[in-house]
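Everything below concerns the one structure shown next.
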Amino acid sequence: MDEIYVNLEIRETLIDLAVEKKTVTYSRLNISSDSGYNFRESDDRDSFAEDIEAISLSEVKNGRPPIGCIVVYKSGSVGKSILESLYNMCQELYDLSPETSKPNSKFLKELQAKCHEYWKIPENYKEFGPKKW
């Protein structure tokens with residue numbers, strides 16, 4: 001299995017938010033994780049989105065929910081391309097079928113709930129969560 005680069009600061013921030021059953025906006029995540037991206041620059045916005053996608057892909061490859069699903073726009077939604085990406089990476093993990101599920105807001109809410117439930121389990125957090133030294 002190929003190793004995926006994961007921004008640990010962003011991942012740890014997302015896990016802590018998931019434990020609290022929260023979602024977060026892109027800009028708030030950028031600030032709270034001390035990522036330092038300048039959202040006025042399109043390259044920085046793209047790199048930030050790629051970091052979140054890589055984190056989600058790494059989680060799914062390890063049998064965990066894609067934690068990037070808790071990152072939303074201020075409206076509480078996400079763009080169609082993000083929904084489709086989450087759906088595609090989760091098809092095998094959750095045995096998704098186009099006949100029974102679609103990449104829509106209902107799917108996003110269900111995925112967020114799975115993510116929140118997973119990270120609320122103390123054993124999961126202890127084994128796979130942030131390593132606090």
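The table below gives the values:
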| quantity | calculated |
| --- | --- |
| Set 126, 80, 109, 120: member being basic (Lys, Arg) and under 21 Å from residue 6 (Cβ atoms) | 126 |
| Qualifying residues in the stretch 27-52 (those that are closer than 22 Å to residue 120 by Cα and of a type outside the set (S, T, N, Q)) - the one farthest from the chain's Cα centre (by Cα) | 28 |
| Which listed residue, of 11, 64, is closer than 16 Å to residue 129 by Cα, under 10 Å from the mean Cα position of the chain (by Cα), crowded, with 18+ Cβ neighbours inside 10 Å and at pLDDT 95 or above | 11 |
| Flag if residue 73 is touching a helix residue (DSSP H, G or I) at 6+ places or on another chain (Cβ under 9 Å), crowded, with 16+ Cβ neighbours inside 10 Å and aromatic (Phe, Trp, Tyr) | no |
| Single match in 92, 50 (criterion: acidic (Asp, Glu) and under 16 Å from residue 9 (Cβ atoms)) | 50 |
| Among (1) charged (D, E, K, R); (2) touching a strand residue (DSSP E or B) at 6+ places or on another chain (Cβ under 6 Å); (3) in contact (Cβ under 8 Å) with a residue 60 or more places away in the chain - the single one residue 74 does not satisfy | (3) |
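The values are calculated or read from the model by the stated rules, or taken from the named source; none is laboratory data. Not measured: the values here are computed from a predicted model. Backbone-built Cβ (ideal geometry, glycine too); neighbour counts: all protein chains shown.
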